[in-house]
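Each reported figure results from applying straightforward, stated rules to the coordinates on display, with no laboratory input. All values reported here derive from a predicted model rather than from experimental measurement. FYI the Cβ positions are ideal-geometry reconstructions off the backbone, even for glycines, and counts take in every protein chain you see.
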Amino acid sequence: MEKIYTPQAPAAIGPYSQAVVSNGMVYTSGQIAIDPSSGELQGSDIQTQTKQVMENLGHVLEACQSDFSHVIKTTCFIVNMQDFAAFNAVYGEYIQDKPARSCVAVKELPKGALVEVEVIAMQK
């Protein structure tokens, strides 16, 4: 098992890795809309935050020798289910191969984020 860290994505804000690779499979931790250079939450709307989340995930996947075309499962957490369509619009710009997915509403997320996404992918 290999623990992954890239400075192009936010550092973990707890005792976990950005991702773990095991037997060619990539398991990312959930990403929220933190700008890796400033450490600050980006945006106050679901679209801006989702874009930052997906950019962060893209960098983590790249560090794992993977990409969005190799994602097989996502788990998405949003604070307000009324943001579902707006979230999907941005999410769909990054993940186009329609992997399996769960999307649930949660009461709150770290740092007041509106969205968090984690993925399971295969390495290239």
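Given Cβ point charges of +1 (Lys, Arg) and -1 (Asp, Glu) and nothing else, what value in debye, to the nearest 20, does the dipole of segment 1-88 about its Cα centre take?
Numbers: 3 positive and 8 negative charges, 48 e Å.
Value, rounded to 20: 240 debye.
Tell me, in nm to one decimal, what length is gained between ILE72 and ALA105 on full extension, where the rule is 0.36 nm per residue of separation less the Cα-Cα distance? Present the calculation step by step, with values, prior to reporting the outcome.
Numbers: separation 33, 0.36 × 33 = 11.88 nm, distance 2.11 nm.
9.8 nm is the gain from fully extending ILE72 to ALA105.
Roughly what angle does helix 84-94 make with the longest principal axis of the chain, taking Cα atoms, 0 to 90 degrees, to the nearest 10?
Value to nearest ten degrees: 30.
In segment 17-70, which GluC sites (Glu not before Pro) fall in coil by DSSP and have 12 or fewer other Cβ atoms within 10 Å?
Values: sites: GLU40, GLU55, GLU62; in loops: GLU40.
Listed in order of number, the matching sites are GLU40.
Taking the Cα atoms only, what angle lies between the long axis of helix 46-63 and the longest principal axis of the chain, rounded to 10 degrees?
0
At 222 nm, what helix-only mean residue ellipticity would the chain give, in deg cm²/dmol to the nearest 500, using -39500 (n - 2.57) for each DSSP H run of four or more?
Values: 2 runs with 29 residues, N = 124.
So the helix-based figure for the chain works out to -7500 deg cm²/dmol.
Assuming R0 = 22 Å, what is the FRET efficiency of GLN65 and GLU93, from their Cβ-Cβ distance, to the nearest 0.05?
Working: r = 22 Å, r/R0 = 1.02.
E between GLN65 and GLU93, to the nearest 0.05, is 0.45.
Read through the labelled values (i) 46, 36, 23; (ii) 71, 30, 25; (iii) 38, 31, 21 and report the label of the one computed as Cα extents along the principal axes in Å from the structure.
Read-out taken from this structure: (iii).
List the aspartates and glutamates whose alpha-carbon lies under 14 Å from that of LYS124, not counting same-chain residues fewer than 8 positions away?
Excluding near neighbours in sequence, the set is GLU62, ASP67.
Which of the cysteines in the chain are isolated, no other cysteine C-beta under 4.7 Å?
CYS64
Averaging sequence separations of C-alpha pairs under 8 Å and six or more residues apart, then dividing by the length of segment 10-102, give the relative contact order as a whole percent. Don't jump to the answer; show the numbers that get you there.
Details: 98 pairs, mean separation 22.4, N = 93.
About 24 percent, as a whole number.
Under the 0.36 nm per residue contour assumption, what length would be gained going from the current alpha-carbon distance of MET122 and SER17 to full extension? Walk me through the intermediate numbers first.
Values: separation 105, 0.36 × 105 = 37.80 nm, distance 1.74 nm.
Additional length available on full extension: 36.1 nm.
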